[in-house]
Amino acid sequence: MRSRTTAMAGAWDGFTVQVPNTEFEHALTLPGGVEVRHVGGGHAADSTVVAVPDSGVLLLANCLPAAAAPARAC
């Protein structure tokens, strides 16, 4: 981790966190067709996924409890 931190030194200069200013209940379509969907679920009630249909990409994090995820080979 230290080498990664050293390599990234200065990369985040000027970075700021923006407070969200848009709310949605079930789904929201952003410019370019990007879709944001509230999926809720058993792991976290506020789970949300982001779909980029043109590229076939789905971004998600912590949407499935560990027991529901396929086993990973280490």
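The values are calculated or read from the model by the stated rules, or taken from the named source; none is laboratory data. Please read these numbers as outputs of a predicted model, since none were measured by experiment. Virtual Cβ from ideal backbone geometry, glycine too; neighbours counted across all protein chains shown. The area values use the complete protein model at the heavy-atom level, side chains included, leaving out ligands, DNA and RNA. Shrake-Rupley method; radii C 1.70, N 1.55, O 1.52, S 1.80 Å.
Side notes on the structure shown:
- Residues considered: L64, L60. Of these, the only one that is at pLDDT 80 or above, open to solvent by 50 Å² or more (accessible area, probe 1.4 Å) and not aromatic (F, W, Y) is L60.
- Filtered residues of region 25-52 (kept if open to solvent by less than 70 Å² (accessible area, probe 1.4 Å) and either touching a Leu at 6+ places or on another chain (Cβ under 8 Å) or modelled with pLDDT under 90 (or both)): E35, V36, G40, G41, A44, S47, T48, V49, V50, A51, V52
- Pairing each residue of region 1-22 that is in a loop (DSSP other than H, G, I, E, B) with any residue that is surrounded by 10 or more Cβ atoms within 10 Å (Cβ to Cβ), provided the two are 6+ apart or on different chains, yields C-beta distances under 8 Å for T22/L28.
- Residue list for region 7-24, restricted to those being of a type in the set (A, V, I, L, M, F, W, C), open to solvent by less than 100 Å² (accessible area, probe 1.4 Å) and farther than 26 Å from L58 by Cβ: A7, M8, A9, A11
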